[in-house]
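First the structure, in the form of structure tokens, and then the observations on it.
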Amino acid sequence: MVKKLLILVLVLFCVGPSAAVVTVAAFAGPLGFCTTGSLTVAEIPDELTTATADGVSVTLEKRQLTHAATIITTGASIPGVGLAGVRVALMAALTESRLRMLANTSTYPESGSFPNDGNGSDHDSLGLFQMRPAAGWGTVAELMDPTYQARAFFGGTDGPNYPSPRGLLDIPGWQQLDPGSAVQAVEVSAFPDRYRNWQPVADAILAALTKPAPGGNSMDPGPVPESSRIVFPLPAGSYTNTDSFGWRTDPFTGERAFHSGSDLAAPAGTPIYAIAYGRVTVAEYTGGWGGLIVIEHTVNGARVASYYAHMWDDGIFVTGGETVTAGQHIGDVGSSGRSTGPHLHVEIRPGGQGQPPVNAVDWLTAHGAQPGDGTSAPAGCRTQVGGRS
């Protein structure tokens, strides 16, 4: 109990935002130091031209990018949102309003008296996320405030709309949904598939508007040298494949849901190895994922991201921005987040972080993964300190 209280105090110390740095996530390790994943909102450009997933060119003006910055800074200040949650919110606002603060004078004439970027006409919807006063999202005055709308979208127990309508943090296991499905869980649109088309635009906004603070996580780690060796993430003979990739019955909700990774049951404390040479982009404790590490690699000339989830809070041994080698001991098996027992949830995403996953075990087998034994871990690699509580 004392240990948990100390960790809580350290986390609260770490996440306090400053004027210069917006903290996206923070983690206090067992030795009492902070490994933070922070993003600084950079200068907002006059415009940004990029493309949607279906190849349509999109040019966003400074006013739209300013709203994007509001969403980023708001999400960054809310524990549990992180980079993944900010991406989901940007995808939602891009789809619903093209990042414009829309009034709706036909239904709410008074909405035109608030600062806005034009007039919408979607029933009685307002603002960046096209939220409806009649659905309980807030008053007209509240919904014409971009920061209020962002807080409502993220939700959570401190959200202005808690407990209903549900924001992103109120969706069980949203971190394990693909971003488009996570948006739909909040927006409940009649056209659920349209959000995925805007993910590349959201990622381009994050790359253009943010930069990693010292020691922070990076959305794009930049060029990563080719990895010539692929390693299985757990020692040979230490695990059982208990829940494979694909559709299944969710053990928490009892509903049919897509499982984006492979669950490898192993004793708590079993070492987890990096599957290949790469750069860490995420090393933090989140909600549904629990302890999460994400590493970007280059394999056969192509970008690949590997995800490792459910480590205990003292079972993450790398930090954002760190370069790791194939087979390096990066963490220990735990049972945190949405977990029913000690195991490693491992994902492989060709194309990089946030891209659609493939069957991790099949991918590793196809790429000749060697048994993991930790022999590639550099000298002095930090090991587990103490037991778990």
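Worth a mention:
- Difference of contour (0.36 nm per residue) and Cα-Cα distance, A268 to D54: 72.7 nm
- The three principal axes of the Cα atoms in the range 42-211 give end-to-end lengths of 36, 35, 30 Å, sorted in falling order.
- Neighbour cut-off at most 14 other Cβ (10 Å), DSSP loop, GluC sites (Glu not before Pro), the range 63-167: none
- Computed from the C-beta positions of W247 and Y162, the FRET efficiency with R₀ = 35 Å rounds to 0.70.
- The range 42-211, accessible surface, carbon-and-sulfur percent (1.4 angstrom probe): 51 percent
- List H123, H259, ordered by accessible area with a 1.4 Å probe, largest first: H123, H259
- Solvent exposure of the range 42-211 as accessible area per residue, Å², 1.4 Å probe: 40 Å²
- Positive minus negative residues near L102 (Lys, Arg vs Asp, Glu; Cβ under 10 Å): -1
- Portion, in percent, of the accessible area of the range 234-379 that falls on carbon or sulfur, probe 1.4 Å: 52 percent
- Cα→Cβ-extended label distance, 7 Å offset, between T365 and E47, nm: 5.1 nm
- For the range 201-352, the gyration tensor built on C-alpha atoms gives a prolate shape. Its axis ratio a/c (a ≥ b ≥ c) is at least 1.5, and a/b is the larger of a/b and b/c.
The values are calculated or read from the model by the stated rules, or taken from the named source; none is laboratory data. Just so you know, these numbers come straight off a predicted model, no measurement behind them. Positions of Cβ are generated from backbone atoms using ideal geometry, with glycine treated the same way; all protein chains shown enter the neighbour counts. The protein model used for the area step is the full one, side chains on, heavy atoms only, and it has no ligands, DNA or RNA in it. Shrake-Rupley method; radii C 1.70, N 1.55, O 1.52, S 1.80 Å.
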